[in-house]
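First comes the structure, then the notes that go with it.
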Amino acid sequence: MKCAYCKDKVCYQGKDCFGTREKDLEAYKSRPRDTHMSRVATSIESDGYMKWCRVEEVVVFARRMGYRHLGIAFCVGMGGEAETLQRILEKEGFRVTSVCCKMGGIGKSELDFRPIKPGRYEAICNSMGQARVLNEAGTQLNLVVGLCVGHDILFTVYSQAPVTTVVVKDRVLAHNPVGALYSGYYHRNRFGM
């Protein structure tokens, strides 16, 4: 199945191309917590459509889910953005625990990881440690702010709380990775499309 190539997206009107409708419907009916989360997400989509930015959506989602304690796992290079997000969330009445990717200070050389600049001390991005700290803090929803590809995946795997991304890091495209999908120039020169 290659849904990305489908021009009609008839699923939007109810067609079941995968033949999984009944199985999926039963999954929603048998998992009340997940059904509630999906219902809240759908209400965000409906109420905030073309009105709310991602940060506003996170605030409303967390409130509607009844979450009071949020976690922020952030890249050291996005410390300013993480601080601003934490201030916003605290002003909105949430308890917030934030943890930087370099937490623990484990050297890349200790794990035989390749450094960016050989010869200087570099700490690893400790996404497993970030998840552990937020798990121990008892966060109810964790927010990713600019973790690298792979580090974000590990963080998500080890987080006990649900995870959503507020900022996707893309140093080349000013943290706007979808720019690569919109730019014909980029398509031609990078991918020969």
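What follows draws every value from the coordinates through simple rules; no lab data is involved. Since this is a predicted model, take the numbers as computed values, not measurements. Ideal geometry is used to build each Cβ from the backbone, glycine not excepted, and the neighbour counts take in all protein chains shown.
Largest first, the three principal axis extents of the alpha carbons in the range 56-148 are 48, 24, 15 Å in whole numbers. Here each label is just a point 7 Å from Cα along the line to Cβ, and for ARG21 and ASN189 those points are 4.7 nm apart. Computed from the C-beta positions of THR35 and MET128 and an R0 of 35 Å, the FRET efficiency is 0.70 to the nearest 0.05.
Annotation for PHE113 and ALA137: the two label points, set 7 Å from Cα along the Cα-Cβ direction, are 2.0 nm apart. Shown for the chain: cysteine residues without a partner Cβ closer than 4.7 Å, namely CYS3, CYS6, CYS11, CYS17, CYS53, CYS75, CYS100, CYS148. Computed over every Cα-Cα pair of the chain and binned at 5 Å starting from 0, the pair-distance distribution P(r) comes out as 1, 7, 12, 14, 16, 16, 13, 11, 8, 3, 1, 0 percent. Computed over the alpha carbons of the range 1-84, Rg followed by Dmax gives 17.4, 47 Å.
Between ARG95 and TYR158, the simple spin-label model (points 7 angstrom out along Cα→Cβ) gives 2.3 nm. Taking a point 7 Å from the Cα of CYS148 along the Cα-to-Cβ direction, the residues of the range 62-87 with backbone N closer than 15 Å to it are 74-78.
Given the -39500 (n - 2.57) contribution per DSSP H run of 4+ residues, what per-residue ellipticity at 222 nm results for the chain, rounded to the nearest 500 deg cm²/dmol?
One gets -11500 deg cm²/dmol as the mean residue ellipticity at 222 nm.
A straight chain from HIS175 to HIS69 at 0.36 nm per residue would run longer than the Cα-Cα distance by 35.5 nm.
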